[in-house]
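Undergrad: Would you mind keeping the following structure in view while I ask a few things?
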Amino acid sequence: MVSVDEFSHEVHMRRAIELAEQAVEHGNRPFGTVLVHNNEIIMEEENRVITENDIRRHPELHLAMRACNELDESVRAETVMYTSTEPCPMCAGGIRYAGLNRIYYSVGSDEITEFTGSSPITVRSAAILSGITDVIGPVLNEEGRAVHDSFYGSD
């Protein structure tokens with residue numbers, strides 16, 4: 001068993017960022033996520049909100065649901081989520097029930113407002129997941145920001 005501290009954090013985050021790029025290629029917004037157990041990617045997902053016309057198809061929420069359906073509780077407790085962007089409150093709520101070990105993100109939800117011009121998210125994922133799952137980031141922030149910059153455009 002590989003300790004979570006020994007996971008290849010940058011390798012897994014790069015895959016999440018690649019999935020965000022892939023989401024854009026498929027007509028969606030730039031969000032991608034992987035689940036890692038024992039330092040191996042066991043599930044991955046890209047954003048599918050637009051192409052599936054389903055607001056629930058955020059990759060973090062979908063993988064939290066799959067984890068609950070496909071992994072036993074002890075495996076989920078050893079599983080780490082790497083996501084291109086910090087989970088929104090809806091996704092963090094789903095992740096709370098999944099009981100994952102940790103969440104690593106590249107771009108913070110506070111940074112997304114820079115790109116989208118939307119109102120800031122006032123409840124961060126760490127507050128929703130407090131006492132359940134540690135939320136760590138940013139990891140590879142410049143690489144993650146580049147995907148959003150490319151999608152939303154820069155000033």
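The values are calculated or read from the model by the stated rules, or taken from the named source; none is laboratory data. Since the structure is predicted, the reported quantities are computational estimates derived from the model, not experimental observations. With ideal geometry, Cβ positions are generated from the backbone for all residues, glycine too; neighbour counts draw on all protein chains shown. Heads up: the accessible areas ignore ligands, DNA and RNA and are worked out on the full protein's heavy atoms, side chains in. Shrake-Rupley method; radii C 1.70, N 1.55, O 1.52, S 1.80 Å.
Undergrad: Identify the residue in region 68-93 that is of a type in the set (S, T, N, Q) and under 21 Å from P138 (Cβ atoms) and, among all such residues, is surrounded by the most Cβ atoms within 10 Å (Cβ to Cβ).
TA: Looking at the filtered set, the residue picked out is T83.
Undergrad: Return a yes/no flag: does region 1-8 have any residue that is among the hydrophobic types (A, V, I, L, M, F, W, C), open to solvent by 30 Å² or more (accessible area, probe 1.4 Å) and at pLDDT below 95. Walk me through it before giving the result.
TA: The first filter runs over region 1-8 and keeps only residues among the hydrophobic types (A, V, I, L, M, F, W, C), leaving 1-2, 4, 7.
Pick out the ones that are also open to solvent by 30 Å² or more (accessible area, probe 1.4 Å) and you get 1-2.
The next check asks that each one be at pLDDT below 95; those that pass are 1-2.
Yes.
Undergrad: Give me the pairs, please: first residue somewhere in region 14-37 and farther than 13 Å from V107 by Cβ, second residue anywhere and charged (D, E, K, R) and open to solvent by less than 10 Å² (accessible area, probe 1.4 Å), beta-carbon distance under 8 Å, and either six or more positions apart or on two chains.
TA: L19/E46; Q22/E46; A23/E46; H26/E46; N28/E46
Undergrad: Scan region 24-57 for residues that are farther than 28 Å from S74 by Cβ, in contact with a Ser or Thr (Cβ under 9 Å, 6 or more places away or on another chain) and not in a loop (DSSP other than H, G, I, E, B) and report the count.
TA: Total meeting the criteria: 1.
Undergrad: Taking V24 as the residue in question, decide whether it is open to solvent by less than 90 Å² (accessible area, probe 1.4 Å) and modelled with pLDDT under 95.
TA: Details: open to solvent by less than 90 Å² (accessible area, probe 1.4 Å): yes; modelled with pLDDT under 95: no.
In short, no.
Undergrad: Just give me the residues in region 67-104 being without any contact (Cβ under 8 Å) to a residue 60 or more places away in the chain and part of a strand (DSSP E or B), in sequence order. Full working, then the answer.
TA: Going residue by residue through region 67-104, those that are without any contact (Cβ under 8 Å) to a residue 60 or more places away in the chain are 67-77, 79, 81, 86-99, 103.
Matches in region 67-104: T79, M81, I103.
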